[in-house]
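Accompanying notes for the structure given below.
The values are calculated or read from the model by the stated rules, or taken from the named source; none is laboratory data. In this text, all values refer to a predicted model and were calculated from it rather than measured experimentally. Cβ: placed from backbone, ideal geometry, glycine included. Neighbour counts: every protein chain shown. With ligands, DNA and RNA removed, areas are computed over all heavy atoms of the protein, side chains included. Shrake-Rupley method; radii C 1.70, N 1.55, O 1.52, S 1.80 Å.
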Amino acid sequence: MKKFLPLIALVATLNAGERPALYPFDVTLGGTKAEMKAGNELFAEVSKPVAADAVLSIEKQVPMLIINAFPCGDDGSIEEDQPAAVIFAQNVKEVKLDATMDKNKLKPGSYLANVVADDKTSRIVFVVAAPDTKPAVDFSKVLGFLKKKTQGDK
């Protein structure tokens, strides 16, 4: 995967002015649309924390919606000891985050996710809030970590 990150960044850069390669369709999570921020071609950000059972929706109904959510540290590094949450749904345009294959809810924390529909993948980053808390959402460390990875850990 490390070998492909520079290629992904290059493709995203070549498509400047067009819809970002890593965000080919809009994703809304917990009522907040994920947005690509200036200087960030790696993922779209959900700017507000969401509940563990938040609804993830896309623009239109698709035959198969697949979501892989990877727990990550504040710096964007994937938590190796925690499995990814996997969600499959058929003939839908929205699904709840708690509809995971293993029936486990996402724990509070940061997540990098691939949302796959119609043979395209939108990458998003979001925070699942602990009940009754208002965590700050700052993805600058995640972006820094991932940019460093795309440049070969220079």
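For the structure I just gave you, tell me whether K148 is modelled with pLDDT under 95 and within 16 Å of T32 (Cβ to Cβ). Let's see the steps before the verdict.
Values: modelled with pLDDT under 95: yes; within 16 Å of T32 (Cβ to Cβ): no.
The answer is no for K148.
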Any pair with Cβ under 9 angstrom, 6 or more apart, that starts in segment 16-44 at a residue that is under 19 Å from T150 (Cβ atoms) and ends at one that is open to solvent by 70 Å² or more (accessible area, probe 1.4 Å) and among the hydrophobic types (A, V, I, L, M, F, W, C): A21/L14; E41/A16
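Just one of V86, V115, V127 is free of Cβ contacts under 8 Å to residues at least 60 places away in the same chain and among the aliphatic types (A, V, I, L, M); which is it? Outline the logic, then answer.
Values: V115 fails: free of Cβ contacts under 8 Å to residues at least 60 places away in the same chain; V127 fails: free of Cβ contacts under 8 Å to residues at least 60 places away in the same chain.
Result: V86 is the single residue among V86, V115, V127 that is free of Cβ contacts under 8 Å to residues at least 60 places away in the same chain and among the aliphatic types (A, V, I, L, M).
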Pairs, first under 13 Å from N68 (Cβ atoms) in segment 97-112, second β-branched (V, I, T) and loosely packed, with under 15 Cβ neighbours inside 10 Å, C-beta under 6 Å, six or more apart: M101/V86
Does K105 meet the test of being open to solvent by 70 Å² or more (accessible area, probe 1.4 Å), closer than 19 Å to P24 by Cα and of a type in the set (K, R)? no
Would you be able to tell me the number of residues in segment 57-86 that are open to solvent by less than 20 Å² (accessible area, probe 1.4 Å) and over 18 Å from D119 (Cα atoms)? 5
